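Enquirer: A single structure is presented below for examination.
The values are calculated or read from the model by the stated rules, or taken from the named source; none is laboratory data. What you see is a predicted model, and the numbers here were worked out from it, not measured in a lab. Quick reminder, even Gly has a Cβ in these numbers, built from the backbone with ideal geometry, and neighbours come from all protein chains shown.
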Amino acid sequence: MAWAGTAYDHEIEYGSKSMRFASDLFNNKKIIVPEFLYQSSKLPEFFPISHYTSLPQLPINQRFKPNMKIIHFLSGRHLLRDEIPFSLQELHAHYVNGYLQLEPGIQTLHGREMCMRCGNHTFSSFSCARCQSASCQYCRNCIIMGKVTSCSPLYSALSRQYEAIENITLQWFGKLSEGQQEASNEVISAIQNNHSVLIWAVCGSGKTEVLFHGLAYALSQHKSVCIATPRTDVVLELAPRLQRVFPGLTVSPLYAGHSDPNSSFVISTTHQLIRFKDCFDVMVIDEVDAFPYSVDPSLHFHVNKARKQSGSLIYLTATPSESFLNQETLNVVRIPSRYHGYPLPVPTLQWSGNWRKKIEKGQIPSILIDWIKKQMDAQKPVLLFFPSIKTIEKVKCVFDEQQLFCEAVHSEDPNRAEKVLQFRRREIPILLSSTILERGITIENIAVAVLGAEDGVFTESALVQIAGRAGRSASYPEGDVAFFHYGKTNAMIAAIRHIRKMNQEAEEKGWLH
């Protein structure tokens, strides 16, 4: 064998021009050596890393002293070379001594090529200077997270064992409801036995509180924990909240533009899990039915790759799909009541006629105006949902003309967070919204309505979630919810049936006041 190292700066200058490897031996074990590190008068033949179909984990050399900064940085991670701030010489030394693992970014499995980072099967090709191939393939699906190609190695290290944290301080002095306690016990059991469980809990039932004792147990047993959620704003809400509950720990939020995963407790968007592998002992998926997790198979791949094979998996949702519920091996626990013991508000159906035509004429259905005035008289802020951004903008103009003070939010609004905060402070009486606020917002004593509830965007799940914005506070457990429509849909009927069924189940259990 003849390979050597060079300075990192030189690697940056030269290494971008070469990403090929040759077979060699190290301590009688077959390895691959980057072309950049090879030093010999007789050069072997070099190939892209995808040429090497089997790259087993090399045994750890106990006499080698690893750089713990490298181990900690790559522990449980799955990263491209460009994402790692250490020299190729150092990485190669740790690889041949068994502390790091390499694998091709794109592999052929069962006769089909697959991106090993995101699980995608759709590729394009380009002329690559690194591997000198005229048709080097790259993954189109995850390119926004960095380009995975046929010649890209992915680096990982075994997830490190976190020290057991004795005397976990749980700074939460609330009392779980009967439904919450049952679910909490199941969460602890799933973590103890490395099983999966679905917590099917109504909106406002206190799903996060259900996790507290299970998380405390996991962390006390030196387990690593990840709570994954589809949206960044939920990460931003949960991280400080859980940091207050577990003041003796470092809770690491992870989302686009913010990466600090070196903690045993991570709260991440599902997209960011793409950079993890065999990392977490406990994986919690919040709002498992929500977009985009519910429609993007690659996000499921991220979750399964980031979780240790022996780890537990805990799903949280108020509106699971039928296909999800039909999984034979999944234990399901239901919480049909809110923590405060009052029933869920049942929406009313209100015929609004051809509301689109009226809005085009600069009018608002009178039945909606009357309903809004009723809420204003009762000093209740109104959260009003619409099927499209275009409709929101038109209604905002009409409201402005009629001197009904309101603000509007949607996914493209950069000031969304500030407007929601103003609404929470009662500075805005009416907030117009797309489905962006159907989840993850808790504001006490508000009235909720949908205009155009017959639109296809308002599925049963979406309508149940929207109705769940009302009556969430123990101080104001009742709420007015109305679906204004131009024709009933199966989704509307199913949503109301869903809510009534949960109320009935809670009453039968004796969990309602």
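Enquirer: Which of (1) modelled with pLDDT of 85 or more; (2) surrounded by fewer than 18 Cβ atoms within 10 Å (Cβ to Cβ); (3) in a loop (DSSP other than H, G, I, E, B) is the odd one out, the single condition L58 does not satisfy?
Expert: (2)
Enquirer: Please note which strands (runs of 3 or more DSSP E) are completely contained in segment 380-438 and include at least 2 residues that are within 18 Å of D480 (Cβ to Cβ) and in the same structural domain as L368 (by TED's automatic domain parsing).
Expert: In segment 380-438, 382-385, 430-433 are the strands (runs of 3 or more DSSP E) which contain 2 or more residues that are within 18 Å of D480 (Cβ to Cβ) and in the same structural domain as L368 (by TED's automatic domain parsing).
Enquirer: While we're on this one: Counting only residues that are touching a residue at least 24 places away in the same chain (Cβ under 8 Å) and over 29 Å from I436 (Cα atoms), give me the strands (runs of 3 or more DSSP E) lying completely in segment 132-244 with at least 3 of them.
Expert: Those strands (runs of 3 or more DSSP E) span 133-139, 153-156.
Enquirer: May I pose another question? Tell me, which residue of segment 61-80 that is crowded, with 19+ Cβ neighbours inside 10 Å and in contact with a helix residue (DSSP H, G or I) (Cβ under 9 Å, 6 or more places away or on another chain) is nearest to M19 (Cα to Cα)?
Expert: Here the answer is L79.
Enquirer: If I ask for residues that are modelled with pLDDT under 90 and either of a type in the set (A, V, I, L, M) or assigned to a helix (DSSP H, G or I) (or both), which ones from segment 303-330 would you list?
Expert: E322, S323, F324, L325, L330
Enquirer: Name the residue, out of D289, D281, that is in a loop (DSSP other than H, G, I, E, B) and either among the acidic types (D, E) or assigned by TED's automatic domain parsing to the domain that holds I436 (or both).
Expert: Among D289, D281, only D289 is in a loop (DSSP other than H, G, I, E, B) and either among the acidic types (D, E) or assigned by TED's automatic domain parsing to the domain that holds I436 (or both).
Enquirer: Something else about it: Hey, any hits in segment 481-496 for a residue that's in a loop (DSSP other than H, G, I, E, B) and under 17 Å from L383 (Cβ atoms)?
Expert: No, segment 481-496 has no match at all.
Enquirer: If the Cβ limit is 7 Å and pairs must be 6+ apart or interchain, which residue in segment 492-513 that is assigned by TED's automatic domain parsing to the domain that holds L463 and loosely packed, with under 13 Cβ neighbours inside 10 Å pairs with which residue that is assigned to a helix (DSSP H, G or I) and among the polar types (S, T, N, Q)?
Expert: Hits for this filter: zero, empty list.
Enquirer: Given (1) in contact with a Lys or Arg (Cβ under 6 Å, 6 or more places away or on another chain); (2) among the hydroxyl-bearing types (S, T, Y); (3) more than 28 Å from S298 (Cβ to Cβ), where does S87 come up short, assuming only one miss?
Expert: (1)
Enquirer: Looking only at segment 246-260, count how many residues are outside any strand (DSSP E or B) and surrounded by 19 or more Cβ atoms within 10 Å (Cβ to Cβ).
Expert: Residues meeting the conditions: 2.
Enquirer: Has segment 331-352 got at least one residue that is in a helix (DSSP H, G or I) and either in contact with an Asp or Glu (Cβ under 7 Å, 6 or more places away or on another chain) or under 15 Å from G479 (Cβ atoms) (or both)?
Expert: no
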